[in-house]
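One structure is given below, encoded as structure tokens.
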Amino acid sequence: MKKNFKLVIEYDGTNYAGWQRQNNAITVQKILEEVLEKLTGRNINVIGCSRTDSGVHARGFICNFVTETTIPPSKIKYAINNLLPNDIVILDSSEVPINFHSRYNCIKKTYTYTILNREEPAAINRNYVYHFKRPLDIDLMKKGSEFLIGTHEFDSFRKIGSSVKTTTRTIYSIDIEKQEYYIKFNITGNGFLYNMVRIIVGTLLDVGVGKMTPESVKEILLAKDRSKAGMSLPAQGLCLEKIYY
């Protein structure tokens, strides 16, 4: 009998061209499917909750796959982890209803973007933060972020040329917290456009250094013009934290 397995995955995206399988590229999905084929002797299509870009990390990525196996659901994570490289780890495995779909059943997602805000760059965790030298005003950035909360058309905050049926998304919360030299942006929404989180944070950095006012964020949102927003920050500071069902 076929079973539907759900996996919770943590991975370091530094050496991968994102999650989704691609020709002539090493991706997390490709590696995982190769491991599952070794375990089951079958070609398995793994369904991911999201398409993380090259260099983006994940702490709570969810995927699922349907197959026949005698390995107990709670034990399959150990079998998979034994064959995975050390930058991909299965945190949990379970059996779910056969109609569960990790992407289509998702109701919201939380991403974080981490800034190292000091003069000196990072040596140890340089692959997980974006180094930004100029001092940032947290209060100004928080005020600017408030204009993004709610349901809006986020045309100004997506990569030019990316195709999508609708640019309407709902942002439930944007929390900005500082701990020593690190500033973390926690953004939760029902979905995100291509590069949306990275552009939002890039725009808020412009607010934080006084390049634009907090109220400018509202004007950028209403303009529906990518050129009005800030830069799209590099991938390494971005991490998919949690998926909600």
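The values are calculated or read from the model by the stated rules, or taken from the named source; none is laboratory data. Here the structure is a predicted model, which means the values were calculated and not measured. Here Cβ is always computed from backbone atoms with ideal geometry, including for glycine, and neighbour counts include all displayed protein chains.
Listing for the model above:
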read-out: The range 1-29: number of residues that are part of a helix (DSSP H, G or I) and surrounded by fewer than 17 Cβ atoms within 10 Å (Cβ to Cβ); value: 2
read-out: Conditions (1) more than 25 Å from I107 (Cα to Cα); (2) under 16 Å from the mean Cα position of the chain (by Cα); (3) of a type outside the set (D, E, K, R): number failed by I62; value: (1)
read-out: Candidates I124, I115, filtered to the one that is crowded, with 19+ Cβ neighbours inside 10 Å, outside the structural domain of D53 (by TED's automatic domain parsing) and not in a helix (DSSP H, G or I); value: I115
read-out: Subset tally (residues that are outside any loop (DSSP other than H, G, I, E, B), crowded, with 18+ Cβ neighbours inside 10 Å and either among the hydrophobic types (A, V, I, L, M, F, W, C) or without any contact (Cβ under 8 Å) to a residue 24 or more places away in the chain (or both)) for the range 48-72; value: 5
read-out: Sole residue being within 20 Å of K242 (Cβ to Cβ), part of a strand (DSSP E or B) and without any contact (Cβ under 8 Å) to a residue 24 or more places away in the chain, chosen from I171, I187; value: I171
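Residue-wise test of (1) out of contact with any helix residue (DSSP H, G or I) (no Cβ under 9 Å at 6 or more places or on another chain); (2) modelled with pLDDT of 95 or more; (3) loosely packed, with under 13 Cβ neighbours inside 10 Å.
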site: P135; (1), (2), (3): no, yes, yes
site: I138; (1), (2), (3): no, yes, no
site: I149; (1), (2), (3): yes, yes, no
site: T170; (1), (2), (3): yes, yes, no
site: Y182; (1), (2), (3): yes, yes, no
site: F185; (1), (2), (3): no, yes, no
